[in-house]
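Enquirer: Please find one structure pasted underneath; my questions will follow.
The values are calculated or read from the model by the stated rules, or taken from the named source; none is laboratory data. Remember, it's a predicted structure, so these values are computed and weren't measured experimentally. Every residue, glycine among them, receives a Cβ derived from its backbone with ideal geometry; neighbour counts consider all protein chains shown. Note: accessible area is taken over every heavy atom of the protein model, side chains too, but ligands, DNA and RNA are not part of it. Shrake-Rupley method; radii C 1.70, N 1.55, O 1.52, S 1.80 Å.
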Amino acid sequence: MGNTAILRVENLTKDFGGLRALDRVDFAVAENQIKALIGPNGAGKTTLFNVIGGFLFPTDGKVFFQEEEVTYLKTHLLSKKGIGRTFQTPQIVLDMSVLDNVMVGFYLQTKSEFIASGLKLKKTIREEERVREKSLEILDSLNLRREATLEARRLPFAQMRLVEIGRALAINPKILLLDEPSAGLNPYETEQMGEVLKKYKDLGVTILFIEHDIDLVMRISDEIVVLNHGQKIAEGTPTQIRTDAKVISSYLGEAKQAHA
Amino acid sequence: MFGTIRLKELLIYAFGVSLFFSFIILANIKWLDIGIHVGIYFIVATGLTILLGMAGQISIGHAAFFGIGAYSSGLLTSTWDLNFWIAGPLSVIFAGIGGYLVGLTSIRLRHDSLAMATIAFQVIFSVLVYEWVEVTGGPAGFGNIPVPSIGTFKIDTETKYFLFVSIIALGVFLFSRNLISRRIGRVLISIRENEVVSSSIGINVPKYKLKVFTLSAMYAGVGGVLFAHYARFISPTSFTIHFSFAFLVMVLVGGRRHILGAFFGSIFVTILPEFLRLVSSFSLFPVSLREIFTNYTYHLIIYGLLVYFSLVLLPKGIYGLGVSVFQKRL
């Protein structure tokens, strides 16, 4: 495994009024790793994402990105550093084309402001072409090239989720935070999603994802963090997690029963 | 530039151009006057379309920015004797500064605070021009605003002014179309749809809201400058909240998702009083109803109904209706 941590949270705590949603959570994501964040509903997974992503500030604790403290940085500055994310339900613009939905992700890598765009200066046209090229490449890698000019609302749900991932990839992220990439997908689509994530890992992207689909987690993760009631109850490789007594009693056992 | 234009588009352009020139040749002074107003309102409504339709932010005070453009350019050219080509752009910048300051106070706050701030600004502006008699002439307004001229060529007839406004409106249209079809357009739509997502791709949301609000106020300023030098006399009644509503009606009824909506909307709202006057001349209506049709103040009732029905029945406005009819036929 890569040994340098790209993302590290230290003693992370978040209170909502009297409710402790995160309780002294510590873990690190190594470079070029796929790490899963699992746990029962209400365990604090999405809260953790929101704190890392700068949508919420923690009550206590710190977040480090590439060994630099980023705890209180706002979201748009975090994306500038290379943190991309997707949401539990795909948040794309339904009445824009698939291509435009990815192109908007190139915001940070382009410069044309109001006047240059309005006057259609040469450099904005060149920039636009470059961004279109690159976006089509991303769509290609997600098997969406043929859908590029379609209005996004015409896509099936699974492909909307891919478009959202495409937009997150467009910011050229060092780490991707994915909130339940398999939610709403059928088993076949889930498998495809797993392949996509593995492909991007091979291309050098680090991935931290929240997931309920245990099969997917076990199949593609290098490491897993298990949260329960805001606390980290286990961390390790899929094999270690599968046999962890605490995890089985609080989550996996329960998940198995639910599946049965 | 013309390489990719298809025949159908070429026909539409040809139709538009010939319509434009037949209008110039055939229209009498009254219709040219209406045409000039349409051009001016189109510019303001385009700015509001970018703000409301693209970026999802509202302004109920655009008549004040319109007024800043008109009053500054009017005063700078008449009292200060400044050249139109200096005073005009300067006044547009003033309108932009006004927009920037209003935006600055409210854009970081909750979503509806911008609406409140613009209403407040509208009221302040109206009171100011009404009460500051020494400068603005107060309720009586002021006149002697010179016509614009290019060298020795004076733009002093309705036909010339109509052409002048049309050229500027076309420029504004092209600028806006380029703007919203590229990077900035995507950024604005993204902000309209979801601010959280926008910030997750690196967009500094408050900064762009402020920028687009400033730009929109500048568009209103351009309209105001053109208005002042056409009317050559201005008074507070042309810049009341009534007009701020009228601009919103243009955008909503015309179609807020496309800048051509502003064009249809400005035609619609400008012709509406003429149409109502015509309707009221039919004696089948009772006198009280005719009063509503012809009295300016009551037009707000009609605006309200129009906005309500267009939002419910025609969310994409006249433009959207036209597009769907056109696509079904062809």
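Enquirer: Report, by residue number, each residue of segment A:159-168 that is more than 10 Å from chain B (Cβ to nearest Cβ), open to solvent by less than 20 Å² (accessible area, probe 1.4 Å) and not basic (K, R).
Expert: A:V163, A:I165, A:G166
Enquirer: Exactly one condition in (1) open to solvent by 50 Å² or more (accessible area, probe 1.4 Å); (2) over 17 Å from the mean Cα position of the chain (by Cα); (3) at pLDDT 90 or above is not met by A:H212; state its number.
Expert: (2)
Enquirer: Inspect segment B:104-112 for any residue being open to solvent by 60 Å² or more (accessible area, probe 1.4 Å) and assigned to a helix (DSSP H, G or I) and give the result as yes or no.
Expert: Yes.
Enquirer: Just to confirm my filter: which helices (runs of 4 or more DSSP H) fall fully inside segment A:102-207 and include at least 2 residues that are under 16 Å from the mean Cα position of the chain (by Cα) and over 19 Å from A:Q91 (Cβ atoms)?
Expert: It comes to A:187-202.
Enquirer: Are any residues in segment A:93-106 within 9 Å of another protein chain (Cβ to nearest Cβ), open to solvent by 20 Å² or more (accessible area, probe 1.4 Å) and within 17 Å of B:I184 (Cα to Cα), and if so, which ones?
Expert: A:D95, A:D100
Enquirer: Hey, another quick one. Tell me which residues, restricted to segment B:58-91, are closer than 23 Å to B:M116 by Cα, at pLDDT below 95 and open to solvent by 10 Å² or more (accessible area, probe 1.4 Å).
Expert: B:I58, B:I60
Enquirer: Of the numbered conditions (1) in contact with a Phe, Trp or Tyr (Cβ under 8 Å, 6 or more places away or on another chain); (2) more than 9 Å from chain A (Cβ to nearest Cβ); (3) open to solvent by 20 Å² or more (accessible area, probe 1.4 Å), B:V196 fails exactly one; give the number of that condition.
Expert: Condition not satisfied by B:V196: (2).
Enquirer: Pull up segment A:76-92, narrow it to residues that are facing chain B (nearest Cβ under 7 Å) and charged (D, E, K, R), then point me to the one that is farthest from A:F55 (Cα to Cα).
Expert: This residue is A:K80.
Enquirer: Condition test on A:N32, is it part of a loop (DSSP other than H, G, I, E, B), closer than 26 Å to A:E195 by Cα and touching a strand residue (DSSP E or B) at 6+ places or on another chain (Cβ under 7 Å)?
Expert: Yes; evaluated as a whole, the condition is true for this residue.
Enquirer: Out of all the residues in segment A:163-172, is one or more without any contact (Cβ under 8 Å) to a residue 40 or more places away in the chain and among the basic types (K, R)?
Expert: For segment A:163-172, residues without any contact (Cβ under 8 Å) to a residue 40 or more places away in the chain and among the basic types (K, R): absent.
Enquirer: Looking only at helices (runs of 4 or more DSSP H) that lie completely in segment B:251-330, which have at least 1 residues being of a type in the set (D, E)?
Expert: Of the helices (runs of 4 or more DSSP H) lying wholly inside segment B:251-330, those with at least 1 residues that are of a type in the set (D, E) span B:259-280, B:287-294.
Enquirer: Does segment A:59-74 include one or more residues that are touching a residue at least 24 places away in the same chain (Cβ under 8 Å), farther than 24 Å from A:E195 by Cα and aliphatic (A, V, I, L, M)?
Expert: Checked segment A:59-74: at least one residue is touching a residue at least 24 places away in the same chain (Cβ under 8 Å), farther than 24 Å from A:E195 by Cα and aliphatic (A, V, I, L, M).
Enquirer: Being more than 10 Å from chain B (Cβ to nearest Cβ), open to solvent by 10 Å² or more (accessible area, probe 1.4 Å) and among the hydroxyl-bearing types (S, T, Y), is that true of even one residue in segment A:144-158?
Expert: yes
Enquirer: Then there's this: Within segment A:122-137, how many residues turn out to be surrounded by 13 or more Cβ atoms within 10 Å (Cβ to Cβ), more than 7 Å from every other protein chain (Cβ to nearest Cβ) and over 24 Å from A:E164 (Cα atoms)?
Expert: Of the residues in that region, 1 qualify.
Enquirer: For segment B:166-176, which positions are open to solvent by 20 Å² or more (accessible area, probe 1.4 Å) and either of a type outside the set (A, V, I, L, M, F, W, C) or on the phi > 0 side of the Ramachandran plot (or both)?
Expert: Answer for segment B:166-176, where residues must be open to solvent by 20 Å² or more (accessible area, probe 1.4 Å) and either of a type outside the set (A, V, I, L, M, F, W, C) or on the phi > 0 side of the Ramachandran plot (or both): B:S166, B:G171.
Quick grid of which residues meet (1) under 25 Å from A:R146 (Cα atoms); (2) at the interface with chain B (Cβ under 10 Å from one of its Cβ atoms); (3) open to solvent by less than 10 Å² (accessible area, probe 1.4 Å); (4) among the aliphatic types (A, V, I, L, M):
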position: A:A36; (1), (2), (3), (4): no, no, yes, yes
position: A:A43; (1), (2), (3), (4): no, no, yes, yes
position: A:Q109; (1), (2), (3), (4): yes, yes, no, no
position: A:K120; (1), (2), (3), (4): no, yes, no, no
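Enquirer: Looking at B:L226, B:L163, B:L179, which is the one that is buried (at least 23 other Cβ atoms within 10 Å of the Cβ) and modelled with pLDDT under 95?
Expert: B:L179
Enquirer: Looking at segment A:27-50, which of its residues are under 24 Å from A:Y200 (Cβ atoms) and without any contact (Cβ under 8 Å) to a residue 40 or more places away in the chain?
Expert: A:A28, A:N50
Enquirer: Return the residues of segment A:50-64 that are open to solvent by less than 70 Å² (accessible area, probe 1.4 Å), outside any helix (DSSP H, G or I) and away from every other protein chain (no Cβ under 12 Å); say none if nothing qualifies.
Expert: A:P58, A:G61, A:V63, A:F64
Enquirer: Now a separate question. Got a sec? Which of B:S244, B:S216 is open to solvent by less than 10 Å² (accessible area, probe 1.4 Å) and within 14 Å of chain A (Cβ to nearest Cβ)?
Expert: B:S216
Enquirer: Identify all residues within segment B:169-187 that are touching a residue at least 12 places away in the same chain (Cβ under 8 Å) and more than 10 Å from chain A (Cβ to nearest Cβ); write none if there are none.
Expert: B:A169, B:F173, listed by residue number.
Enquirer: What's the number of the condition B:F162 fails, among (1) more than 14 Å from chain A (Cβ to nearest Cβ); (2) of a type in the set (A, V, I, L, M, F, W, C); (3) in contact with a Leu (Cβ under 9 Å, 6 or more places away or on another chain); (4) free of Cβ contacts under 8 Å to residues at least 60 places away in the same chain?
Expert: (4)
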